[in-house]
Amino acid sequence: MISFDNIDQHSRWYDFFMKYLSAAHNHVYYRNFFIIHPENIPPKGTPTFVIANHQNGMMDAMAILHTMYKDGRQPVFIARGDIFKKDAVARVLRFLKILPVYRNRDGGRDDIKKDLAIFNRAARVLKKGGTLVIFPEAGHQSGHYMSTFKKGFSRIAFAAEEMNDFKLGVQILPLNIHYSNYFNFQSDLMVTCGEPFTYDEFFDLYKESPNQAYLALNEKARARVKEMTPDIDIPEYYNEIEALTHIMTEPLLRHKGLKPRFLPNQKDAAMTIIAAIRQLREDDPSRFTNLMDDTRQYTSLLQKTGLHHWVINRKISVPKLIGRIFLMLLTLPLFLFGYLNNFLPVWLTQRLTNKVKDPMMHSTFQYSIGTAFTFPVWYIILLVVVSLLTHHFWIGLIYIALAGITGILNVHYKRALRKLGNVFRALRMKNSEAYQMLCILNKTIIGTMEGMLY
């Protein structure tokens, strides 16, 4: 049995690896990493309990870690206990300062009995002025919606205060984690830090009825996270509402004179759009139903035709199109260089990632296996081989630098190529019945949404 007694003890090896992982996470895997309102993070040494929405496997934990790590603190995380069953994995997770908590579906009664000791151990982290992190939903969600909060979070929070005669003053810090894309390398990530809060108003209730106090704290905490989250809380129309956020985000931001490619703006726009749709459902149910029906038909047609919504009703400038083709031909040699020099680590990372059944864990494997391990090892091999062949170490350095830069450019080149292909597909289908129907539905949907938003 692995001991978790000193899990919150400062580790120099942890510091060393975190500096490396931080560089790979913040500057390579993600194109942009935004931390909004970092001034809300309590000072190091303050008993801090971090809570957040959970969508994207261990990448959510990495996002929080690199948000909280700037002052050198080493947060202790709480994760589901079933991932600790193999001893070798458990040792790695222990090094990463992760505590196991067992749910009914994760193990037998013996495992669940261990939770009390783990809860007390977690509470002691707070007692010592440490930072504790938990995802109260107790499982990642495959989309922009929030599940209910489980009692483990509130049990630990109250246990920490009870250990200190309710005078510890734990600060609960709500966070929202938001991605421009869950799966794509070189996408954008943002973490919004809400205002920390205490829960002393529930202490008397806890002394009389702990379960009622757990529920009250969960409700307060969930509300704080939800107010920062684009929460699509109408599950029967989830796909349609998500599609409408994609369709309307850019027009709404351009109408407001804001940058449409800036992720914080995109998140704010998504929340505005979701709120407007929710209000429409209350005020005019029949109009809401028509909007959902039109959107469902529109997205179905897009899928059948292979078109993206941004090419529908879009005026295509022939000079710009020719210029884009010329630019892509001009940069083709860079693409080929990047493709050839990165083929093996890309292929290996994709092969291993595709074996993972849960798609919301794919980016975790792409980052941990690819960005943090496979690519660095491959570039070291390239450095050695090129240096030996040329008898110049500096030529090897230049070579791997070019391989890395063109490897990243290669990702964006492929995306640009897919967009160009979509433009040509739209031109080819311009007179088809399906395209004409898409244009009609596009105008109807946008007209309805503009009337709600502007």
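The values are calculated or read from the model by the stated rules, or taken from the named source; none is laboratory data. Everything numeric here is computed off the predicted structure, so don't read it as measured data. What goes into the accessible areas is simple: the full protein's heavy atoms, side chains included, and nothing from ligands, DNA or RNA. Shrake-Rupley method; radii C 1.70, N 1.55, O 1.52, S 1.80 Å.
Points worth noting:
- The largest accessible area among R428, R415 belongs to the first residue in R428, R415, and the rest follow in falling order (1.4 Å probe, all chains).
- Rolling a 1.4 Å probe across the protein heavy atoms gives region 1-105 an accessible surface of 49 Å² per residue.
- Cα gyration tensor of the chain - equivalent ellipsoid semi-axes, whole Å, descending: 41, 33, 18
- When each of K44/K267; K267/K430; K355/K414; K85/K150 is checked by Cα-Cα distance, pairs over 27 Å: K44/K267; K267/K430
- Near the amide H of F135, within less than 5 Å, lie the amide hydrogens of I78, all on another chain or at least 5 residues away, with H placed in the peptide plane.
- Rounded to the nearest 10 square angstrom, H362 shows an accessible area of 40 square angstrom against a 1.4 Å probe.
- Full extension of the chain between R428 and L116 gives 105.9 nm of extra length, using 0.36 nm per residue less the Cα-Cα distance.
- Taking the accessible area of the chain, probe 1.4 Å, and keeping the other protein chains in place, the carbon and sulfur fraction comes to 59%.
- Rh by Kirkwood over Cα pairs, then Stokes-Einstein D for region 223-292 at 0.890 mPa s and 25 °C, µm²/s: 194
- Phi to ³J(HN,Hα) by Karplus 6.51 cos²θ - 1.76 cosθ + 1.60 over region 201-209, Hz, x for Gly, Pro: 5, 9, 4, 5, 4, 4, 5, 8, 8
- In Å², nearest 10: area of T295 left accessible to a 1.4 Å probe: 0
- Cα convex hull, region 52-211: 138 Å³ per residue, rounded to a whole number.
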